[in-house]
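Here is the structure we will look at.
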Amino acid sequence: MATSSIDRVTPADRVARLLTEILSPAVLVATVLFAVAWASADSPVSALVMGVIAAAAASFLPIAYILHGVRRGAWTDRHVGVRDQRTLPMLVCLGSTASGTLALAAAGAPRDLLALIGCMAAALVVAIPITLFARWKISIHSLVAAGTAVTFTVVFGWALLFTWPLAAAVGWSRVRLGDHTTAQVLAGALVGACATGLLYPALR
């Protein structure tokens, strides 16, 4: 009797899928933007307003666009796993993030928050040509996870204790699920870590 695809799913696969979903780029981007807004704003109200603007531009609007595309059949899944389908979603994400950077600047956002969302746009500027012209599916999950870990470490210090293991777990999950190679995960982590480890401290 043939073994069904369900029977072949292992506990490790389930853990990898869970990590991929709960630590997705949209979730991590919103989390780190709200955290930095809270740490840098001069009042809770300002933190909330600036956090909403930043998260809407870099997380909520891009993922809403992607989910709409999935419903229309434009791409296969919310992680846009097929490389050839990534062009438009990545460009929309870049445009939205860049617009959010300008909106925050106009609103007088704290320098830390403005620098962070600017670094996110810069990381996409690097990742998009790799995807489009090198025809190589660099891991955005890993890019965002590593960038988030570095940001939390730069801003809060103590966050090093748990954010780095989570970033490593995200990279493992992408390879485990067969969505990326180890090289693609490492490349994504390098771009994300450089954007927030080198550019972010310089801008903030």
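The values are calculated or read from the model by the stated rules, or taken from the named source; none is laboratory data. Every value quoted in this text rests on a predicted model; they were computed, and no experiment measured them. Ideal geometry is used to build each Cβ from the backbone, glycine not excepted, and the neighbour counts take in all protein chains shown. To get the accessible areas, we keep the full protein, side chains included, count just its heavy atoms, and leave off ligands, DNA and RNA. Shrake-Rupley method; radii C 1.70, N 1.55, O 1.52, S 1.80 Å.
Some points to look at:
- Here the accessible area is traced with a 1.4 Å probe on the protein chains. For the chain, carbon and sulfur cover 71 percent of it.
- Helical mean residue ellipticity (222 nm; -39500 (n - 2.57) per DSSP H run of 4+; nearest 500) of the chain: -23000 deg cm²/dmol
- Neighbourhood net charge (13 Å Cβ-Cβ; Lys/Arg +1, Asp/Glu -1) for Gly69: +3
- Dimensions in Å of segment 99-179 - Rg and Dmax from alpha carbons: 14.8, 43
- Volume per residue of the C-alpha convex hull in segment 62-198, rounded to whole Å³: 105 Å³
- For the chain, accessible area per residue (1.4 Å probe, heavy atoms of protein chains only), Å²: 48 Å²
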